[in-house]
Amino acid sequence: MSQVAPLSRTATPLLLLFACAAGLSVANVYYAQPLLDALAADLHIGTARIGAVIAATQLGSVLALLWLVPLGDRLERRRLMATQNAALVLALLGVAVAGSAGTLLLGMLAVGLLGTAMTQGLIAYAAAAADPAERGRVVGAAQAGVVIGLLLARVVAGAVADLGGWRAVYLFSAGAMLVSGAVLWRGLPRLPVPIAAARLSLPALLRQQPVLRRRGVLGLLLFMAFGLFWSTMALPLSAPPQALSHTAIGAFALVGLLGALAASRSGQWSDQGHAERVSGAALLLLLLGWAPLAALPQHLGWLVLGVLLLDLAVQALHVTNQSLILAAAPQAQAQVIAAYMLFYAAGSGLGALLGPTLYATHGWRGVCAAGATVSVLALATWAKTRPPR
C-alpha cells in the first residue's frame, strides 16, 4: 500500500473533507433530540419513555469509544472508515423504517455506535496523516467540523421534519452519508497499517499517559460545566417572561458556531508551543462566561454574550486537549482519543443530570453558581498540575 506525504499547509481540500465528514457523522447522533415528540406520537411511545431514544444513542456512543474507535490503531484506516460508513447508512435506513419502539431503539443504538466511531475515527485519522508540527491545526479543523455538525443537527432535523416528517430526516441523512462515504473513499490518504502498541485497558492507559490523565480531568470538568448550561437553558427561556418557542431556543445554539470557528485556531497555537497559555485563557473565559449568563433574566443579550464566551472557551480547550494527548501517544492515537472522550461523556452526563435538579431547587442563579464553581475547580486543577516551563 502506498503512503502519502503528511498533510501540509496547502492541503486545504483534505482538511475540509475531514471537517465535513466528521460534522456529517456526529450530526446523526443528535438528530433525534428535536424529534422526540414526533417519534412518541408516531410509534405510540409514552412521554415518560421517549427519553430512552436519547439514552440508546448515548449508550451506542460509549460502546463505540470502548470497542470501535481503538480499532483505528490496529486496522487500515481507510477501509475501516468505509466499512463503518456503509454500516451507518444501513442503521439510518433501519431507523427510517422502524415500525415499533423496539426496532427504533435498536436502530438508535446502532446510529450512536457507528456515528461516534466515524467521528472520533476521522479525528484520529487526520492526526495520523498530519505532520507532527501541524497536528494541532489539523485536529482543530476536524474538531470545528464536529462542533458545527453537532450544532446544526437540531436545525436541519427540525427543518426536514417540518417538510417531510421525522422519517425523512433519517432518509436524508442516509443519502448524505452514502455520498460522504464515496467521497471519503476517493479522497482519504492511504496510510500504512499502524504499528500499534498493545491494546491497553483504560486504567493501564491512564497509568502510562500522564498527559491523558491531566487533560482528561480538565475535559471532564470542562464538559460538566458545559452540560450544566445546555441541559438547563431551555427551562428559563420557555418560562415567563421570555416564553420563547422551541425554534427560538434552538437558534441560540447557532451562536456557538462563532465560538467553534474562533477556537479552531487554538490547535495552531498549540503547535507553536502555546498550549498552556491557551488552556489558562480558555478556563478564564469559561469562568467569566457565567457572569452574563447569570444576568439572563435582565436581557437576552446577556445570554448571547455568555453563550459565545462559553462555547469559545470549551472548544479552545477541547482542541488543545486533543492536540496534546495525540502528540503524546503517536502509536496509540485511537486509544487515547477514545479514552479522552470517555472523560468528555462522563462530564457531559454529570452536568446534564445535575443541571435540571439544581434549577428545580435553586433556580437559574443556582445553576450559574454551580457552573462557576466547576469552572474555578477546573482553573485550579490546571494551575496546580501544569508542567514547569
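The values are calculated or read from the model by the stated rules, or taken from the named source; none is laboratory data. Computed from a predicted model, the values in this text were never measured in an experiment. Note that we place each Cβ from the backbone using ideal geometry, even for glycine, and neighbour counts take in every protein chain shown. Quick note on the areas: whole protein, heavy atoms, side chains included, nothing else; ligands and nucleic acids left out. Shrake-Rupley method; radii C 1.70, N 1.55, O 1.52, S 1.80 Å.
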Legend entry - Only one of Ala198, Ala133, Ala142 that is assigned to a loop (DSSP other than H, G, I, E, B) and either modelled with pLDDT under 85 or farther than 30 Å from Gly363 by Cβ (or both): Ala198
Inset, instruction - Could you tell me which residue of the range 116-134 is nearest to Leu312 (Cα to Cα), considering only residues that are of a type outside the set (A, V, I, L, M, F, W, C) and touching a Pro at 6+ places or on another chain (Cβ under 9 Å)? - result: Glu134
Inset, instruction - Might you check whether a residue that is at pLDDT below 90, in a loop (DSSP other than H, G, I, E, B) and buried (at least 17 other Cβ atoms within 10 Å of the Cβ) occurs anywhere in the range 178-189? - result: yes
Legend entry - Neighbours by Cβ (under 8 Å, 6+ apart or cross-chain): first from the range 368-389, more than 22 Å from Pro292 (Cα to Cα) and outside any loop (DSSP other than H, G, I, E, B); second basic (Lys, Arg) and open to solvent by 20 Å² or more (accessible area, probe 1.4 Å): Thr385/Arg214
Legend entry - Single residue of the range 351-369 satisfying the filter (surrounded by fewer than 19 Cβ atoms within 10 Å (Cβ to Cβ) and of a type in the set (A, V, I, L, M)) that is farthest from the chain's Cα centre (by Cα): Ala360
Inset, instruction - Any chance you could count how many residues in the range 156-185 are more than 15 Å from Leu24 (Cβ to Cβ) and not hydrophobic (A, V, I, L, M, F, W, C)? - result: 5
Inset, instruction - Working only within the range 343-367, note down all residues that are in contact (Cβ under 8 Å) with a residue 60 or more places away in the chain and either touching a strand residue (DSSP E or B) at 6+ places or on another chain (Cβ under 8 Å) or β-branched (Val, Ile, Thr) (or both). - result: Val367
Inset, instruction - Check whether at least one residue in the range 208-217 is in a helix (DSSP H, G or I), among the polar types (S, T, N, Q) and either open to solvent by less than 10 Å² (accessible area, probe 1.4 Å) or in contact with a His (Cβ under 7 Å, 6 or more places away or on another chain) (or both), and report yes or no. - result: no
Inset, instruction - Report, by residue number, each residue of the range 19-61 that is part of a helix (DSSP H, G or I), open to solvent by 10 Å² or more (accessible area, probe 1.4 Å) and among the polar types (S, T, N, Q). - result: Gln33, Gln58, Ser61
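Would you pick out the residues in the range 136-159 that are over 20 Å from Ala313 (Cα atoms) and open to solvent by less than 30 Å² (accessible area, probe 1.4 Å)?
Hits for the range 136-159 are Ala153, Ala157, Gly158.
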Legend entry - Residue that is most open to solvent (accessible area, probe 1.4 Å) [pool: residues in the range 299-350 that are touching a Ser or Thr at 6+ places or on another chain (Cβ under 9 Å) and among the small types (Gly, Ala, Ser)]: Ala327
Legend entry - So Ser279, is it among the small types (Gly, Ala, Ser), in contact with an Asp or Glu (Cβ under 9 Å, 6 or more places away or on another chain) and buried (at least 20 other Cβ atoms within 10 Å of the Cβ): no
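Can you go through Ala332, Ala369 and tell me which one is touching an Asp or Glu at 6+ places or on another chain (Cβ under 6 Å) and either on the phi > 0 side of the Ramachandran plot or of a type in the set (A, V, I, L, M) (or both)?
It is Ala332.
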Inset, instruction - Give the number of residues within the range 162-177 that are open to solvent by 20 Å² or more (accessible area, probe 1.4 Å) and modelled with pLDDT of 85 or more. - result: 9
Inset, instruction - Please list, ordered by first then second residue, the pairs with beta carbon atoms under 7 Å, 6 or more apart or interchain, first in the range 54-76 and among the basic types (Lys, Arg), second open to solvent by 10 Å² or more (accessible area, probe 1.4 Å). - result: Arg74/Ala196
